[in-house]
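Here is the structure we will look at.
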Amino acid sequence: MTELVEHGHLFIGGEWTDPLGTDTIEIVSPHTEQVIGSVPHASRADVDRAVAVARRAFDEGPWPRMSLDERIAVVTRIKDAIAVRHEEIARSISSQNGSPYSWSVLAQALGPMMVYDAAIQVARAYPYEEHRQGVLGPILVRREPVGVVAAVIPWNVPQFVAAAKLAPALLTGSTVILKPSPESPLDSYILADIAREAGLPEGVLSILPAGREVSEYLVGHPGVDKVAFTGSVAAGKRVMEVAARNLSRVTLELGGKSAAVILPDADLESTIAGIVPAAWMNNGQACVAQTRVLAPRSRYEEVAEALAAAAGALVVGDPLDPATQLGPLVARRQQQRSLDYIRIGQEEGAKVLAGGGRPAGLEQGWYVEPTLFGDVDNSMRIAREEIFGPVVCLIPYGDEAEAVRVANDSEFGLSGSVWTGDVEHGIGFARQVRTGTFNVNTFSLDMLGPFGGYKNSGVGREFGPEGLGEYLEHKMIHLPAGYAAGA
């Protein structure tokens, strides 16, 4: 029996404070369908309070005026504390969203540590000031912190996405209001404890669990300088619309329908071993999941057989069981969404090669079998719409030009991969696919490079110097003719 976790306070400006509203959020286990925790639901008045202290901390407080080394020291303490508590964080997230515990340890806890580490490395080397010779005389170009950041994160990888936004914001000197999803707010209380013990100054960080209405109020708040959002395309468009009223800076990391392209010369055993975890990762609840697998017609049958066997062999069950490879979906609505798409795919004429319903023996919990559709045409809804569940499409293609066309025939452009016996040829293939990240004979996400999407997959980038730059404003200072730096 999971212990009930109840919190009665909100973390505002570094202090535990009583909420100004009376609403609460109940967190339900996707495995048992029982309530496992509750937290206050932040109100608009709580947002006003958090923005006010963040504004004051940025405009008047020490954080933006500290040296980079001083800020790095604090962020390093946050990272180190996550390392100490990584198992607690992983269990908390798995209990809320159904992530398999073995995957959570790596992606939900150790992954954020890697994000902080990489951001620190980038921040140390970043050119915050540079002298240039302008057309009319010497100029000094400065990069300065953007200000008050509203960071809105999803339920699927909450601490990883929080780190992707907190690390660059904090390192560059901004202040942050973090808004966790109502499906997975419990781990944010662990983060709040960590941040407080790390020594963040007053006002630098607030954490406000809330639903859509309060999130929209935060995004549209006139005291917010930048919005960093991860979520669905529809929500991202609304965020951009609301933030535009104040001309707030916006970065959006949205959905995906990424293609894993198997070329005719690929080694099938290693290819299937690489694609399966990339396709069904986190129960299919990942924006970068490789949910369209493109196979050459010349090898279609053997690919279908191998991929179906691998999907059928995945261990489905309790997300806190270390042996589990695929857990329940986060909510009943997500389970029903996947089941609806499975029905739609069959109605469209696709063939279920593996899965296709609820797992036997798991009548309780929001489970869906790892499902593989064959004979999929890229015009079908199951190939075009993000399902965000354990449903993968196998699409046959003729020549390589057709494979490129199908990979690009999507409103999304977030991730993708190619599997081939010739890495150089794979690089050439990668150059033709319009997507923000791509993999050749592997699947990973490197935090020292830019991550983000083309088309409806988003605006702006996270990670690397490009991601750090999203939290900086650029200032040009004109200097008198003949001025020489350091003279």
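Highest mean packing first, where packing is the average number of other Cβ atoms within 10 Å per residue, the peptides 440-452, 213-225 line up as 213-225, 440-452. Rounded to the nearest 20 debye, the dipole size of region 322-436 about its Cα centre is 520 debye, using +1 on the Cβ of Lys and Arg and -1 on the Cβ of Asp and Glu. Taking amide H as placed 1.01 Å from N in the peptide plane, V28 has its amide H under 5 Å from the amide H of I36, each at least 5 places away in sequence or on another chain.
Residue-wise HN-Hα couplings along region 372-381, as the Karplus relation 6.51 cos²θ - 1.76 cosθ + 1.60 with θ = phi - 60° gives them from phi, are 10, 9, x, 6, 8, 9, 5, 7, 5, 4 Hz; Gly and Pro carry x. As a proxy for reagent exposure, ranking F412, F438 by other Cβ atoms within 10 Å from fewest up yields F438, F412. Backbone phi angles across region 172-178, fed through the Karplus curve with coefficients 6.51, -1.76 and 1.60 (θ = phi - 60°), yield HN-Hα couplings of 8, x, 7, 10, 9, 10, 9 Hz in residue order; Gly and Pro are listed as x.
Farthest toward the positive end of the dipole of the chain, out of I387, G317, I139, is the Cα of I139, where the dipole comes from beta carbon charges about the Cα centre. Annotation: amide H-H contacts under 5 Å for A260 (H modelled 1.01 Å from N, sequence separation of 5 or more, or interchain): R292, V293, L294, S417.
For the residue pairs K79/K237; K79/K226; K165/K455; K226/K257; K237/K351, the C-alpha atoms sit more than 30 angstrom apart in K79/K237; K237/K351.
Taken as Cα centroids, region 84-107 and region 211-265 sit 25 Å apart, rounded to the nearest whole angstrom. Shape of the chain from the C-alpha gyration tensor: oblate (a/c of 1.5 or more and a/b not above b/c, with a ≥ b ≥ c the square roots of its eigenvalues).
A simple charge model with +1 on the Cβ of Lys and Arg, -1 on the Cβ of Asp and Glu and nothing else charged puts the dipole of the chain at about 1280 debye relative to its Cα centre. Once C-alpha pairs closer than 8 Å and six or more residues apart are averaged by separation and normalised to the residue number of the chain, the relative contact order reads 19 percent. Axis angle, to the nearest 10 degrees, between helix 68-84 and the longest C-alpha principal axis of the chain: 40 degrees. Straight-distance candidates among the aspartates and glutamates for linking to K475, with alpha-carbon spacing under 13 Å and chain neighbours fewer than 8 residues away dropped: E129, E130, E144.
For region 201-209, putting each phi into the Karplus relation 6.51 cos²θ - 1.76 cosθ + 1.60 with θ = phi - 60° gives couplings of x, 4, x, 6, 9, 10, 10, 10, x Hz, in residue order, rounded to whole numbers and with x for Gly and Pro.
The numbers here are math on the coordinates, done by the rules we state, and not lab data. Every value quoted in this text rests on a predicted model; they were computed, and no experiment measured them. A quick note on method: Cβ atoms are made from the backbone with ideal geometry, for glycine too, and the neighbour counts reach across all protein chains shown.
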